[in-house]
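Since the structure comes first, as structure tokens, the remarks are kept for the end.
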Amino acid sequence: MPELTPTGAVDVVQRQVRRVRRRKNLYELQRALYWAIAAGAALATFLLPLALFAPARLFAGAAWGTFAVLAGFALILLAATRRRWLAAPRAIAWIESQSPLAGRLRTLVELATRPNGGRGFFHALLVAQVGRDLEAWTPRRVVPRAVPRAALATAVAALVLLVIVAQLASFTPPSAPAVGFSDEPLAGERSATPDDAAVGARAVVAPGVPRDDDAEPSPVRDDVPSRLGNLSSQIQENVRQQVWGKAWERVRDALARAGTNGGGARPGQEANGNEVAANDTEDWEAARSSATGAPRRRPGIGKQASKSDAAQPDQQQDQATPHDADRETQRDDANGGGGAGTGTDPNLFGGASVDPAGSGSFELALAARMRADRTRGKRGTGAAGPSADPDAQPALAAEQRRESAAHRMTVPAAYETVVREVFAHRRVETEQP
Amino acid sequence: MTPAVASAAIEDFQQVFAAVRAEVGRVVIGHENAIETILTAFFAGGHVLIEGVPGIGKTLIVRSLAEALNLSSNRIQFTVDLMPADITGTRIINESPSGQRELTFVPGPIFTHLLLGDEINRATPKTQSALLEAMAEHQVTVAGTSYRLMPPFFVLATLNPIEMEGTYQLPEAQLDRFLFKVLLAYPSEAELIRILSTTTTADPPTIRPVLDPEQAPARVEGLKRLVREVLVAPHVEQYVAGLVRLTTPAAARGDSEAEVEVRRYVTYGASPRGAQSLVLGAKVMALLDGRPHVTYDDVDKIAVAALRHRLVMSFAAEAAGVAPAHIVERVLVTARRLRS
């Protein structure tokens, strides 16, 4: 260390102070960064399973709560970093607090600002003492560590944990729920009026998707899709897309067809969905014969069943049992409509969460073959059913059927696939029990 | 000035200080802190007010100090009928051998190096005020003529507690001219036994002069000048200023406990002389610690002694039994917090 001279002592001291400041502030920046990473990774580790497996509302609540915690932590971190940040005015005082300098450094530097430079009887002695002390407060001594080990280790551990959780999650892909039918009202909303109980035959559900009938209707299905709710839904969607990839795309498509975006599919339901696809015909007919409104499942909806349905479009309708036809006719008589919906509820099929087809609505041709046509024999129309050929243009009825709500309602475009599936003219493959 | 010379000067100061303290300590049993505070004030160029009941060694301390430093000393016993001229001196008609009569000034006992004003608060305020000019300007004025006092001039006044009979309150202006106020407590039992064993023998301990009698005044003045050379950084000056301002009710506007107590119990706070005494005392402390510069700790060490007699307490303080030293200690806590 060079010996200080009274004239150049302050410059030497100031240079060393700057070096100490650089090292100290770099250290503090690293510490803040590592703690931020650790906190972010820890919270992401917490959110990841929720994003994959929890219902949308639960995830939304957890996500916003997590963001609040993260924001609070960021504020605390910012305040702590600001407090520890070594600004120039207090750099010397801090250095003296870390080293046994007894105020010599600060005295020398501050006295240099005096008109006479603080020169006096003891100035030379002070300079000599400061020169002797230069080794005592080198950057390495004052800030011994260049890297905040604890913060770094915590950040690495949190990242590793996050990677592990993500990997484990990727090994539990979602099941592809089959789309089916139910007598229960859609979108987790119970009917408010007794009349709605009779429209259960038009309901569409995805059996593989958890239903939150009582307490947790999905915010996506609610009629108040706020921006914040959409944001959390998008985050959840992105997470699922990133982790599950193609598997999630299948589920998403099925959910879109079902018109619901209930929380993630539970692992192990893939088999259920396949089973439904294999035995759907029987389940569907059995459900139709039930008077309790138990869930119905219909073949041909969902990825597995759609191909077989396309090959045999007329069998379902032709093989509908008279028993079912009687029941549907009775409901139609009581409620004035055997079509789709009550005719006044725009959310008959639930609120749209993801609108892959874009906003707006689609048109359902008046001549579209409708499932309700299977009951034509009991409706008093007496007209023969349209041809099974989808390209054929059936003859229109003499007049529009009363209370045919399906022809008048507006349906969001997101439900086009579902509605077309529901109202597709197809043949029942199996005999009614 | 080279570092070696400055370092040697500090060592010389420390040696003289330690030697005087040791010599006084041979005679005065106990009161180590009081002796150090008195010596600090002496080398800082101030005066000391000692408060204590009679018989606990106030006069002995002053006499021992004078003997150790080899300086002249006088003692004035203040009484209620003491007049100012009894202190400063007076002009008398003197007849020369030729028969010519002329007015001649006869210096009073104040013309000495070390002056012990014993029981200063037993004199009337008028007589007490006779010391004001001497203490502040080291001169006395008699009949329009000013007479310089011999340096070093050091007043060590003793004060009986105000509750005692026949005492007067010292004027604030005079109190302010004392650098420190020292409280002498009763000696402990062990100290009392030592006092008995050393003062009741045929050969009581005597003081060996530390300084040469011819050079003593100059040496002391040199050491006092050295004290004033000690460096004080702006941050210490700022701390002292803040500390003194915190003792004044007008400046103590914060919500800290100390500031609330200052507003409630203090009528007038410390004056700028208080700040000067803090810095001067701190400089001596720095030299005693071997440093050429003052730190916060030096100020804190002498803050109570330098400020407690400068606070004019309110009736509420007297009623509540709040001592000025208590206020100063509270203010110190607040000032330490503010500086960090």
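The values are calculated or read from the model by the stated rules, or taken from the named source; none is laboratory data. Not measured: the values here are computed from a predicted model. Cβ: placed from backbone, ideal geometry, glycine included. Neighbour counts: every protein chain shown.
Look through segment B:275-287, keep the residues that are of a type in the set (Gly, Ala, Ser) and without any contact (Cβ under 8 Å) to a residue 60 or more places away in the chain, and return whichever of them is nearest to the other protein chains (Cβ to nearest Cβ). Per the stated criteria, the residue is B:286.
Out of segment B:232-252, which residues are within 22 Å of the chain's Cα centre (by Cα), among the aliphatic types (A, V, I, L, M) and not in a helix (DSSP H, G or I)? The one that is within 22 Å of the chain's Cα centre (by Cα), among the aliphatic types (A, V, I, L, M) and not in a helix (DSSP H, G or I): B:232.
Against the numbered list (1) surrounded by 14 or more Cβ atoms within 10 Å (Cβ to Cβ); (2) over 22 Å from residue B:3 (Cα atoms); (3) within 14 Å of chain B (Cβ to nearest Cβ); (4) free of Cβ contacts under 8 Å to residues at least 12 places away in the same chain, residue A:61 comes up short only at (3).
This table checks each residue for (1) more than 22 Å from residue B:39 (Cβ to Cβ); (2) away from chain A (no Cβ under 14 Å); (3) out of contact with any strand residue (DSSP E or B) (no Cβ under 8 Å at 6 or more places or on another chain).
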residue: B:207; (1), (2), (3): no, yes, yes
residue: B:239; (1), (2), (3): yes, no, yes
residue: B:258; (1), (2), (3): yes, yes, yes
residue: B:264; (1), (2), (3): yes, yes, yes
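Name the helices (runs of 4 or more DSSP H) wholly inside segment B:88-191 in which the number of residues that are within 25 Å of residue B:223 (Cα to Cα) and either in contact with a helix residue (DSSP H, G or I) (Cβ under 8 Å, 6 or more places away or on another chain) or modelled with pLDDT under 85 (or both) is 2 or more.
Values: elements: B:125-128, B:130-137, B:172-176.
Per the criteria, B:130-137.
Which ones in segment B:215-227 are surrounded by 15 or more Cβ atoms within 10 Å (Cβ to Cβ) and within 11 Å of chain A (Cβ to nearest Cβ)? B:226, B:227, listed by residue number. In segment A:104-117, of all residues being touching a Leu at 6+ places or on another chain (Cβ under 9 Å) and either among the charged types (D, E, K, R) or assigned to a helix (DSSP H, G or I) (or both), the one that is farthest from the other protein chains (Cβ to nearest Cβ) corresponds to A:108. Of the helices (runs of 4 or more DSSP H) that lie entirely inside segment B:288-340, those containing 3 or more residues that are over 18 Å from residue B:49 (Cα atoms), away from chain A (no Cβ under 14 Å) and in contact (Cβ under 8 Å) with a residue 60 or more places away in the chain span B:324-339.
Yes/no per residue for (1) facing another protein chain (nearest Cβ under 9 Å); (2) more than 13 Å from residue B:233 (Cα to Cα); (3) out of contact with any strand residue (DSSP E or B) (no Cβ under 8 Å at 6 or more places or on another chain); (4) assigned to a helix (DSSP H, G or I):
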position: A:94; (1), (2), (3), (4): no, yes, yes, yes
position: A:119; (1), (2), (3), (4): no, no, yes, no
position: A:126; (1), (2), (3), (4): yes, no, no, yes
position: A:133; (1), (2), (3), (4): no, yes, yes, yes
position: A:145; (1), (2), (3), (4): no, yes, yes, no
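When A:107, A:113 are checked against the criterion of being touching a His at 6+ places or on another chain (Cβ under 7 Å) and β-branched (Val, Ile, Thr), A:107 stands alone in meeting it. Filtered by the rule that a residue be crowded, with 21+ Cβ neighbours inside 10 Å and under 27 Å from residue B:215 (Cβ atoms), segment B:118-148 gives B:134, B:135, B:140.
Filter segment B:13-34 down to the residues that are of a type in the set (A, V, I, L, M, F, W, C) and not in a helix (DSSP H, G or I), then identify the one that is nearest to the chain's Cα centre (by Cα). Only one residue tops the list, namely B:28.
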